[in-house]
Every structure is written in C-alpha cells, then in structure tokens.
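For reference, the structure is listed below as structure tokens.
The values are calculated or read from the model by the stated rules, or taken from the named source; none is laboratory data. Since we're looking at a predicted model, the values are computed, not measured. Methodologically, a virtual Cβ is constructed for each residue, glycine included, from the backbone with ideal geometry; neighbour enumeration extends over all protein chains shown.
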Amino acid sequence: MKICLISKGKFIFKIYRFLSNLKKIKINIINKFNKKNIKIIKKCNLIIDFSYYIFFLKTLKLSYKYNKKIIIGTTNLKNKKILKRLSKKIFIFISSNYNFEFIKYLKVIKYINFIFKKYNYEILEKHHILKSNKPSGSSIYIKNILSSKINIIRIGKLRGIHKIFFANYYNTFSFSHTTLCNKTYLINIFKVIYYIYNYKRGLYFI
C-alpha cells in the first residue's frame, strides 16, 4: 500500500515513524503541492491529511480528481456538505480526535448536561505550545453539546486536557479527560487504515 501523509505539523512525523515499521507500506510526506508531489499522489492508494483547513481543501480536490481514499484529521471543517457530495465517488473517513476513547467522555458529557441543565458551564482546554488550532476539534465537539465558552491554554508539553466546570450559586462540579500518550492516536489511525481497505466510497465519521 502506498500512503501520502499530508500536513505541515509535527504530528505527521510521528505517524510516519509508526507506520514505517509496518510491512508492505510505502509512505511519502507531502507539505506542498508541486508537480513532483502531485505525481506521488496520483500513484498512492490512500491519503492521510492532518493539515490546516485551506491546505486541506487542496488535498480534498486532488483526492476527488484522482479517486483516492482519504483519512481526515483536520479540525474545524466549515462545509461538510462538500464531503457528503464527494463521498459519492471516493471514500472519506473523518475524526477530529483519533483518541476514540474520547467518545466515551462525550457521551458522559451529554448525560451530565441533562442532569445539570440549570447550571452554568465553562470549558477549559490545555495543550502543548506547538498546537496550532485554537480551539481544538475536541473542544468544538464539547461546545456543540454544551453551547459554552472555551478557555484555551497553550503551555509546555501537555498532550491534551479537557475539563468542564458546572456551577450554580451553591456548588461547583468538574469533569475532565487527559490524554497520557500519543500512541493511542497512532494505533487508531492504523485501525482505520486496516478496516477501510476494502471500502470503495462513502462518508464515515467518529
């Protein structure tokens, strides 16, 4: 299998090192769309994109043009109707957080939101100083549930902390999730690659 990793961030190199240990996989990292790299995209079987929104739009256009499967980790996508239309021809998998255990956290938040529906909410997000997107895709998921303000902190080498405060005049409650190791993202990306191998087209979300 030939895979193109598309991004300008550092996380893509961790994906590269992880997947390079697997047999029968050839990987290219692409951070600009020149003639040489477009030829590489033409020959690949799968595109993995963890880039910025504007950069991602070019990737999506090339995926559709050359009929390539694409795994998307880009956050804050503004027009998902485009994805639905393109998925009639190509396979598209998208998640703003490849720590799939985080989904359990979101389910609990929905339940807590029902219990504390008369309380005030605040969302606190902490990540390392090199993380570019503010807020993170995970925080946007939470905000869509709670419709609350997101407080953002970028400090040190933190891997990812999301914390929610529920408060009224008498009490304050908090509920948090912390990612301890980046390997969980890498393992789940591999699982997606493995499971989608025989898919031809369609749009899939987690």
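Restricting ILE92, ILE71 to those that are modelled with pLDDT of 90 or more and in contact with a Gly (Cβ under 8 Å, 6 or more places away or on another chain) reduces the list to ILE92. Answer yes if at least one residue in region 115-127 is surrounded by fewer than 20 Cβ atoms within 10 Å (Cβ to Cβ) and within 18 Å of the chain's Cα centre (by Cα), and no otherwise. Scanning region 115-127 turns up no residue that is surrounded by fewer than 20 Cβ atoms within 10 Å (Cβ to Cβ) and within 18 Å of the chain's Cα centre (by Cα). Among the residues of region 77-97, are any aromatic (Phe, Trp, Tyr) and in contact with a Phe, Trp or Tyr (Cβ under 7 Å, 6 or more places away or on another chain)? Checked against the condition, which is being aromatic (Phe, Trp, Tyr) and in contact with a Phe, Trp or Tyr (Cβ under 7 Å, 6 or more places away or on another chain), region 77-97 yields at least one hit.
Is it fair to say TYR111 is closer than 29 Å to ASN168 by Cβ, in contact (Cβ under 8 Å) with a residue 40 or more places away in the chain and either of a type in the set (A, V, I, L, M) or not in a loop (DSSP other than H, G, I, E, B) (or both)? In short, no. If you filter region 45-56 down to residues that are surrounded by fewer than 16 Cβ atoms within 10 Å (Cβ to Cβ) and not aromatic (Phe, Trp, Tyr), you find that the one that is nearest to the chain's Cα centre (by Cα) is ILE54. Every test in (1) among the aliphatic types (A, V, I, L, M); (2) assigned to a loop (DSSP other than H, G, I, E, B); (3) closer than 24 Å to LYS104 by Cβ is passed by LEU130 save one, and that test is (3).
Starting from residues that are closer than 20 Å to ILE129 by Cα and in a helix (DSSP H, G or I), keep the ones in region 154-191 and report whichever is farthest from the chain's Cα centre (by Cα). Looking at residues that are closer than 20 Å to ILE129 by Cα and in a helix (DSSP H, G or I), I get LYS183. Among the residues of region 27-39, some residue qualifies, meaning at least one is under 17 Å from ILE187 (Cα atoms) and either free of Cβ contacts under 8 Å to residues at least 60 places away in the same chain or assigned by TED's automatic domain parsing to the domain that holds GLY137 (or both).
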